[in-house]
4 protein chains.
Amino acid sequence: MRFSVGCEIGYEVAQDTTLIFNIQAMRGGGQRVLSEELTITPGLVAEEKTSSESGNRYLRLTAPKGVVELRYSAEVQLDHIRHEPEAIREAPVAKLPLETLPFLNPSRYCPSDQLARFADRQFGALPPGFARVTEICNWIREEVDYLFGTSDTTTTAADTFSLRAGVCRDFAHLGITFCRALGIPARFVSCYAWQLEPQDFHAVFEAYLGDRWYLFDATRMAALDGMVRIGCGRDAADTAFATIYGQVMSAPIRVWSEAPGGSRIDAWTTDAVSLTTT
Amino acid sequence: MRFSVGCEIGYEVAQDTTLIFNIQAMRGGGQRVLSEELTITPGLVAEEKTSSESGNRYLRLTAPKGVVELRYSAEVQLDHIRHEPEAIREAPVAKLPLETLPFLNPSRYCPSDQLARFADRQFGALPPGFARVTEICNWIREEVDYLFGTSDTTTTAADTFSLRAGVCRDFAHLGITFCRALGIPARFVSCYAWQLEPQDFHAVFEAYLGDRWYLFDATRMAALDGMVRIGCGRDAADTAFATIYGQVMSAPIRVWSEAPGGSRIDAWTTDAVSLTTT
Amino acid sequence: MRFSVGCEIGYEVAQDTTLIFNIQAMRGGGQRVLSEELTITPGLVAEEKTSSESGNRYLRLTAPKGVVELRYSAEVQLDHIRHEPEAIREAPVAKLPLETLPFLNPSRYCPSDQLARFADRQFGALPPGFARVTEICNWIREEVDYLFGTSDTTTTAADTFSLRAGVCRDFAHLGITFCRALGIPARFVSCYAWQLEPQDFHAVFEAYLGDRWYLFDATRMAALDGMVRIGCGRDAADTAFATIYGQVMSAPIRVWSEAPGGSRIDAWTTDAVSLTTT
Amino acid sequence: MRFSVGCEIGYEVAQDTTLIFNIQAMRGGGQRVLSEELTITPGLVAEEKTSSESGNRYLRLTAPKGVVELRYSAEVQLDHIRHEPEAIREAPVAKLPLETLPFLNPSRYCPSDQLARFADRQFGALPPGFARVTEICNWIREEVDYLFGTSDTTTTAADTFSLRAGVCRDFAHLGITFCRALGIPARFVSCYAWQLEPQDFHAVFEAYLGDRWYLFDATRMAALDGMVRIGCGRDAADTAFATIYGQVMSAPIRVWSEAPGGSRIDAWTTDAVSLTTT
């Protein structure tokens, strides 16, 4: 499936400010960037780098006083691996690749140590495998209200668990937290999401099952195979679309994701869809 | 029913220290102190006062360097009001006595604001009344493990809600928190508890229903009509059995509660039992 | 000194809703309400009660669907007790009136247990007395930024201590917390504050020193003898100007405080000013 | 300088349990493992792997019911880079290597977002460079009590900041948190520490300054050039010496670090000592 995605971001900078962006579609696995275009106004030099560890692509630039605007657009081809959910097992900790182990650790927004007892009580007796993570997503969807204005950038999954309200990032954090508590590596994924309403950057998560990372979206707000991965990391702290070292005023962000030529939803959020093994 | 209760408490005091104790059986309502004895060694003068607001009885004394020991024993007659649970309604906020309103407010260990959404989701649709508070206790008993060493003096009901483990004080805090979130005044009660194993000070809670305060024990560890009330307040912060302004070493505490003459359990923890309207 | 104070509050009520207001000037001690007027539109019956414990005055009413508006205005005479700050001592815990002891306990927004070590390190060696509480206020004024939008209704003094930003209510909570940690009873006071800019309900605190409650304002935003006390309690949880049991939309609030006839500031915020012993 | 380090760890395993250890001395940069010996009793097969990202060395094994014991010992040569503290600058964010950026993000125990304002108020105006991080360590040493029993595995740097007490891991977390809040990459390092009293695993931190990672120990309990690095990561969540997936009983741990042949302290805790650029 092919998607046209992109965003426009603007700032009014008060004085020399370094900005780091993570808005470009990731490359690798089942995700190919066919073409892309990046425009920075005024014509500033942006350093482009890809993390060898996460695959996240970063743009770093230092903007002088004044207005700075980014426009990014890309054509992205997604070739998903799809498996029968029933056939996907959890890898025992004894068999997990070393690189996945950090994604078992608690992180800023995913204090899996604090919710371990609940996770075990609620999900511990379920048969290990893909269906267990689906059940986690079902539980979140059922028990947490999707509500703007109830959380902020300090909100952890333990807070969301108590508050029972949040937005996509909080839903992802809670899913990750439960997975880790159960011994399933899980990580945060920021993405462009086709048919998300209203259009914005979206947040989902990946759990490591069998021998690859499968996508999960506890919000159930968009199709899994319509998500173009931007950044992945331990939680939202690792995948900010913009990190700003200085004082700026933000202009409204515009984000889009389109599927040219009469696309249709192939994989809804309980299907097993994967883009990567690493 | 008649109970013999008491305790022995000892400290080694490093230098002049003021101690405030709240260990004496409360007087009033259905609880009568038939006789009691207090021994303080060495022969220190203790000031005895009863709070007009809470009815809590305080002993305040200043101990010099050395060992100080208290022994308190009392014969207490309990004459409970018992009602049919089904007949007990919640008073609407519009009708609540003014004195009960502070017990709707969040407090140190009972942040009812933080668990309001969950309380409403879980218990909000249940028919108001005694049975709803019983359901809250059932839920706590079912979903929280009674485990020593999982909580400490900083643990709030929101912590307990996440951790899913605690002791009697945590169970009471969680019950109070849910009640307040639903608009039911609720308060913390420290007590001597007959047949509690092992014997120790116990913590339960009271909810204001109809026109009086009913006892609830989410731990289900002792009979409701075997509880001799010591202190009541917003939460454990108000009912410490000893508050110490100085440096001391504590000796092991001994607490007892006996029912002379072949007593039997009359009211198990889902019955409606009340000792007071105030 | 005489003040004209008042407020206008309005709501659009979705369905039958009970509202409890605490907006009327308190009576007693050095504060006399010379005259007052309360208008409720439409002509609803409001129950008026005064707490024997706190002296807070409550209006309780149940509003039907539609718009409800309150207008309160009062002429208030304040006759302060003023003492030389140097002459005011702290009462040792052994001598504190029983009624002040609850104001040593940690509360929802004033977790004095959590900041006890810092309070002792920072203020413990200062000579006990009025000047020590002044020093607490100085420290807060110096170390915490007064900034709207940095705190909300869940923010505790421990949060404010870490964040180093807040508004009047947070400043008061932090002052109270430090006092309690040092063994000084302290309580939250909501008030009308003359010359506060912009006009709004204000929050300060009282510490019990010698044999009475002295006013302190760590924000230093208004004169101490221009404050007309509305509510007092353990923290902001006890003194909400409006508590609403139902769904409403709020209209903007208007608050005023005027000193007719060329008043002047008598007691700036480091003077010792008291209105009450209870 | 050469050190003999090692540890003995033992568990009684209740049933098949996977254990992951991170106790081996790291290799690379200025740290060379001259020889080492690992004994596992009974003779279990342990998988040994080194993280390409962090350099941490992991032992993973699955133990059956019964007793399992590890004994690790190593001879390690440390060849430090030493620089004049005055000459070491902070790298601006615009120049930081991409790999260091994750160490600017808040993590489970280092919520740098929550202490940003304080860090800026307290340390923001100091000249950037090595001396600023030394000043952070001085502040921690001065303002936080080193006390066992005041913190646990859930304690964050924000907690420690409020509590003003903790142990080495808490001191390291607080130092890391302040650095990140100021834009200085910082990470947690577990180590064997020569002359640490009593001997145990130790926790310090590294800050990225100039073009390398410098060691800092806010506890000031051991010489910087006597530390043999074991694990590094975002915080203690990444460097547990043992992670256990099952139920075990722990035997007492024994840890040692010796400097054969009359070593002497070369670098005390305000010197600039580095073992690695990555």
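The values are calculated or read from the model by the stated rules, or taken from the named source; none is laboratory data. Predicted model only: the values in this text are computed from it and were never measured. Methodologically, a virtual Cβ is constructed for each residue, glycine included, from the backbone with ideal geometry; neighbour enumeration extends over all protein chains shown. The protein model used for the area step is the full one, side chains on, heavy atoms only, and it has no ligands, DNA or RNA in it. Shrake-Rupley method; radii C 1.70, N 1.55, O 1.52, S 1.80 Å.
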Task: Per residue solvent-accessible surface (Å²) - chain D, probe of 1.4 Å - done: 39
Open item on the list: For a distance above 20 Å, tell me the whole-number percent of Cα pairs in the stretch D:1-156 that qualify.
Closed with: 70
Open item on the list: Given bins 10 angstrom wide, list per bin the percent of all Cα-Cα distances in chain B, short to long.
Closed with: 7, 30, 35, 21, 6, 1
Open item on the list: How far, in nm to one decimal, is residue B:2 from itself in the other copies if the label point is set 7 angstrom along Cα toward Cβ? Shortest first, please.
Closed with: 6.7, 8.4, 9.4
Open item on the list: Report the Rg/Rh value for the protein assembly as shown, based on alpha-carbon coordinates and the Kirkwood definition of Rh.
Closed with: 0.97
Open item on the list: Let me spell out the model: positive unit charges on the Cβ of Lys and Arg, negative unit charges on the Cβ of Asp and Glu, origin at the Cα centre of chain C. What dipole size does that give, in debye rounded to 20?
Closed with: 380
TODO: For the stretch A:101-144, state which residues have at least 50 Å² less accessible area in the presence of all protein chains than in their chain by itself, taking the probe as 1.4 Å and leaving out ligands, DNA and RNA.
DONE: A:108, A:114, A:117, A:121
Open item on the list: Between residue B:69 and residue D:152, how high is the FRET efficiency from 1/(1 + (r/R0)^6) when r is the Cβ-Cβ distance and R₀ = 30 Å? Nearest 0.05.
Closed with: 0.40
Open item on the list: Can you compute the FRET efficiency between residue C:250 and residue B:258 using 1/(1 + (r/R0)^6), with r the Cβ-Cβ distance and R0 = 41 Å? Round to the nearest 0.05.
Closed with: 0.15
Task: Exam field: residue B:89 pseudo-label spacings to other copies (7 Å along Cα-Cβ), nanometres - done: 5.7, 6.1, 7.8
- [ ] Taking a probe of 1.4 Å and counting only protein heavy atoms, give the total accessible area buried between chains D and A in Å², rounded to the nearest 100.
- [x] 2500
- [ ] State the percentage of accessible surface on chain A attributable to carbon and sulfur atoms; use a 1.4 Å probe and exclude ligands, DNA and RNA.
- [x] 49
- [ ] Express in whole angstrom the spacing between the alpha-carbon centres of the stretch D:133-156 and the stretch C:103-127.
- [x] 19
TODO: Work through the residues other than residue A:204 whose Cβ is under 11 Å from its Cβ and net out their charges, Lys, Arg +1 and Asp, Glu -1.
DONE: +2
Open item on the list: Above 20 Å lies some portion of the pair distances; for the stretch D:142-239, what is it as a whole percent of all C-alpha pairs?
Closed with: 31
Task: Only Lys, Arg (+1) and Asp, Glu (-1) charged, at Cβ; the stretch D:133-183 dipole about Cα centre in debye - done: 140
TODO: Only counting protein heavy atoms at a 1.4 Å probe, give the residues of the stretch C:219-241, ordered by number, whose accessible area falls by 30 Å² or more when the other protein chains are present relative to the chain alone.
DONE: C:234, C:237, C:238
TODO: Could you pull the copy-to-copy label distances for residue A:120, with points set 7 Å along Cα to Cβ, in nm to one decimal and sorted shortest first?
DONE: 3.4, 3.5, 4.2
TODO: Using only Cα atoms, figure out Rg for the stretch D:1-89 and give it as a multiple of 2.2 N^0.38 Å.
DONE: 1.37
Open item on the list: Quick query: amide H of residue B:272 versus all other amide H atoms, modeled in the peptide plane; which residues come in under 5 Å with a sequence gap of 5 or more or a different chain?
Closed with: B:83
TODO: Round to the nearest 10 and give me the degree value, 0 to 90, for the angle of helix A:168-181's Cα axis relative to the longest principal axis of chain A.
DONE: 40
Task: R0 of 35 Å, Cβ-Cβ distance residue C:79-residue B:53: FRET efficiency to nearest 0.05 - done: 0.80
TODO: Taking only the C-alpha atoms, wrap a convex hull around the stretch B:150-206 and report its volume per residue in Å³ as a whole number.
DONE: 87
Task: For chain C, built as a Gaussian network whose Cα springs stay under 10 Å, the top-fluctuating residue of C:194, C:213, C:268 - done: C:268
Task: Translational diffusion coefficient (Stokes-Einstein; Kirkwood radius from C-alpha pairs) of the stretch C:105-179 at 37 °C, 0.692 mPa s, in µm²/s - done: 267
Open item on the list: With respect to the axis carrying A onto B, what is the closest chain A residue by Cβ position, and how many angstrom separate it from the axis?
Closed with: A:162, 3
Task: Mean shadow area of the stretch A:70-212 over all directions, Cα convex hull, nm² - done: 10.1
Task: Farthest toward positive dipole pole in the stretch A:30-148 [+1 Lys/Arg, -1 Asp/Glu at C-beta], among A:137, A:126, A:67 - done: A:67
Open item on the list: So if I place +1 on the C-beta of Lys and Arg and -1 on the C-beta of Asp and Glu, and nothing else carries charge, what would the dipole magnitude of the stretch A:193-249 be about its Cα centre? I want it in debye, nearest 20.
Closed with: 60
- [ ] Express in whole angstrom the spacing between the alpha-carbon centres of the stretch D:9-47 and the stretch B:187-257.
- [x] 49
Task: Distant-in-sequence amide H partners of residue B:267 (H built 1.01 Å from N, under 5 Å) - done: B:224, B:225
- [ ] Please compute the net charge surrounding residue D:6, taking Lys and Arg as +1 and Asp and Glu as -1 over other residues with Cβ under 10 Å from its Cβ.
- [x] -3
Open item on the list: Run the helix sum for chain C: -39,500 (n - 2.57) per DSSP H stretch of 4+ residues, divided by residue count, reported at 222 nm to the nearest 500 deg cm²/dmol.
Closed with: -4500 deg cm²/dmol
- [ ] Calculate the mean, over all residues of peptide D:93-99, of how many other protein chain Cβ atoms lie within 10 angstrom of the residue's Cβ.
- [x] 6
Task: Residue of C:34, C:196, C:224 that the Gaussian network model of chain C assigns the largest fluctuation, springs spanning Cα pairs under 10 Å - done: C:34
- [ ] Under 15 Å from the Cβ of residue A:87, count the other residues' Cβ atoms, weight Lys and Arg +1, Asp and Glu -1, and hand me the total.
- [x] -1
TODO: Name the shape class, rounded, prolate or oblate, that the alpha-carbon gyration tensor gives for the stretch C:86-146, where a ≥ b ≥ c are the square roots of its eigenvalues, rounded holds for a/c under 1.5, and otherwise prolate holds if a/b is larger than b/c and oblate otherwise.
DONE: oblate
Task: Gaussian network model of chain A, Cα within-10 Å springs - most flexible of A:116, A:172, A:236 - done: A:116
Open item on the list: Can you give me the Kirkwood hydrodynamic radius for the stretch B:235-278, using every pair of distinct Cα atoms, in Å to one decimal?
Closed with: 15.3
